[in-house]
Amino acid sequence: MNNKTVLVTGGAGFIGSHLCKMLLEKGERVICLDNLFTGSEENIKVLYDNPNFRFIKHDIINPFFASEHIDQVYNLACPASPPAYQFNAIRTVKANTVGMINMLGLAKLHNARILQASTSEVYGDPLQHPQTESYWGNVNCNGIRSCYDEGKRVAETLCFDYHRQNKVDIKIVRIFNTYGPNMDPQDGRVVSNFIMQALKNEDITIYGDGNQTRSFCYVDDLVKGIYLMMNSKDEFCGPVNLGNPGEFTILELAKKVIEVIGCDSKIVYQDLPSDDPKVRKPDITLAYNKLGWKPSVDIDNGLINTIKYFRKFI
Ligand code: UDP
C-alpha cells in the first residue's frame, strides 16, 4: 500500500470538504483540520464513517504536531468570503502568516509536499486582463480587503522562501471565484447571496452598477485542478491559476440566477464596497499546458446543482 497520509487544513470548508471527499475516493488517508469558523461539520459528517478519515478541530494559528508521518499538506485554512475574512481581519492576517509558517514548518519536519491555496485576490484590482501568473497585481496594502489580499501574497512569499532556504517542496494554486454545494448560504458571497435571495423571492442585491465582472468555476472542476497540481512534476511549483475563464458581469449573473430559478425577485442596487475589483478572469494556459487541466462544467449546469443544494436551507 503506498496510499498517502494527507493533511487538509480548512478541510471542513466549502472547497476543503470536496477535496477531502475526493482524496478518500482515491484511497488516501485524510486528516482534516478546521477551526470551524467558516467551515462546518455538516460538510464532512458524510465522511465520518470512512476509517481513512479523521477530523481534528484545530486552528492553524497554533502549531500542529501530527502523531504520524504526513506525506502531503493542502493548506486551505482561511476564511474566504469578504464579510468572513473582514470579520476579524487580524486573525485573517495571522492565518496567512503565523498559520502559513506553522504549516510550512510541519511540511519541513515531515519532508512533506505542501500545496498553498492562494487566490486571484493577489492580483487585486487588476490592470491586466485576463490575469496571467506573471502579472504582479495592483493591490491596496491598507484597505478592508488587504488582510486577505496581502495575507495571501505574503503566504506565497513564505512558501517560496521556505522552498529556497529549506528546500520545502511547495505547490501554489491561485483560485478564482468558485461556487457549488457546501457553500455557506450566509457567507455573503455573490453566488450564495443571489441564489438564497432568489429562492426566497427577495430582492437581489447588486453592489455598485453590476458591471464588474467575475469568472465562476464549479467546485468539482476546481478540486480536480488542485489534485493535479499537488501531484504534478517536482520541478513545477507554480503559481498556477485555477478558474473558469467564462466571464460574466454581476448583473448578468443576477439575471441568470433569476432565470434559472424562475422567481419574481427585483434587482436592487447598493453601495460598492471599497477596493472591489472591477474585472477578473483567469488565463489558464499554464494550467492546461502543465496539468492538462481545464474546467468542464458550464455556469448553467453548475448553477442547477448549486441551487438544488441551497433549496434545503429554505
Ligand atoms: N456582490 C454583489 N452582491 C452581493 C454580493 C456580492 O453585487 O450580494 C458583488 C461584489 O461586490 C463583487 C462580486 O459580487 O463585485 C463578487 O463578490 P464576492 O463577495 O462573491 O467575491 P469577490 O470576488 O469580491 O471576493
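For segment 80-153, report the translational diffusion coefficient in µm²/s to the nearest whole number, using Stokes-Einstein at 10 °C, 1.306 mPa s, and a Kirkwood Rh over Cα pairs.
Numbers: Rh = 13.4 Å.
This corresponds to a translational diffusion coefficient of 119 µm²/s.
Using every pair of alpha-carbon atoms in segment 232-300, split the distances into 10 Å bins beginning at 0 and state the percent of pairs per bin, rounded to integers.
For segment 232-300, the binned pair fractions read 15, 33, 29, 17, 6, 0 percent.
Please give the charge dipole size of the chain, origin at the Cα centre, charges +1 on K and R Cβ atoms and -1 on D and E Cβ atoms. Round to the nearest 20 debye. Could the numbers behind the result be given before it?
On the way: 34 positive and 36 negative charges, 126 e Å.
Roughly 600 debye for the chain.
Evaluated at 10 °C with a viscosity of 1.306 mPa s, what Stokes-Einstein diffusion coefficient in µm²/s does the chain have when Rh comes from the Kirkwood expression over alpha-carbon pairs?
Details: Rh = 19.7 Å.
Value of D from the Cα-based Kirkwood radius: 81 µm²/s.
Which percent of Cα-Cα pairs in segment 208-257 sits in each 10 Å bin, short to long?
Per 10 Å bin, starting at zero, the Cα-Cα P(r) for segment 208-257 comes out as 23, 37, 24, 14, 3 percent.
Largest first and in whole Å, what are the equivalent-ellipsoid semi-axes of segment 174-234 based on the Cα gyration tensor, each being the root of 5 times an eigenvalue? Intermediate results must be reported in sequence, preceding the final value.
On the way: eigenvalues 171, 39, 11 Å².
Semi-axes from the Cα gyration tensor: 29, 14, 7 Å.
Compute the separation of the alpha-carbon centres of segment 248-314 and segment 158-186 and state it in Å as a whole number.
21
Give me the distance in nm between label points sitting 7 Å out from Cα along the Cα-to-Cβ direction at Lys26 and Asn166, one decimal.
2.4
Largest first and to the nearest Å, give the Cα extent of segment 15-57 along each principal axis.
So the extents along the principal axes, rounded to whole Å, are 28, 17, 15.
In nm, to one decimal, how far is the Ile90 label point from the Tyr309 one, both placed 7 Å along Cα→Cβ?
About 3.3 nm separates the two model spin labels.
What are the equivalent ellipsoid semi-axes of segment 189-294, built from the alpha-carbon gyration tensor (square roots of five times its eigenvalues), in whole angstrom, biggest first? Display every interim value, and only then the final one.
Numbers: eigenvalues 213, 46, 21 Å².
Listed largest to smallest, the semi-axes of segment 189-294 are 33, 15, 10 Å.
Can you list residues whose amide H is under 5 Å from Tyr74's amide H, if they're 5+ apart or on another chain and H is modeled 1.01 Å from N?
Placed amide hydrogens put Leu7, Val8, Thr9, Leu115 under 5 Å from Tyr74.
Go through Pro239, Tyr227, Tyr162 and say which Cα lies farthest out towards the positive end of the charge dipole of segment 131-244; charges sit on Cβ, +1 for Lys and Arg, -1 for Asp and Glu.
Tyr162
Loop only by DSSP, 10 or fewer other Cβ within 10 Å of the Cβ. Give me the trypsin sites (Lys or Arg not before Pro) in segment 187-219 that pass, ordered by residue number. Before the final figure, lay out each step's value.
Working: sites: Arg189, Lys200, Arg214; in loops: Arg189, Lys200.
Answer in residue order: no site qualifies.
Name the residue farthest towards the positive end of the dipole of the chain from the options Val279, Leu19, Ala80, assuming +1 on Cβ of Lys and Arg, -1 on Cβ of Asp and Glu, about the Cα centre.
Farthest towards the positive end: Leu19.
Could you tell me the relative contact order of the chain? Use alpha-carbon pairs under 8 Å, at least six residues apart, and round to a whole percent. Please list the in-between numbers first.
On the way: 635 pairs, mean separation 55.2, N = 314.
Reported relative contact order: 18 percent.
No lab work stands behind these numbers, since they all come straight from the coordinates. If you're wondering where the values come from, they're calculated on a predicted model, not measured in any experiment. Methodologically, a virtual Cβ is constructed for each residue, glycine included, from the backbone with ideal geometry; neighbour enumeration extends over all protein chains shown.
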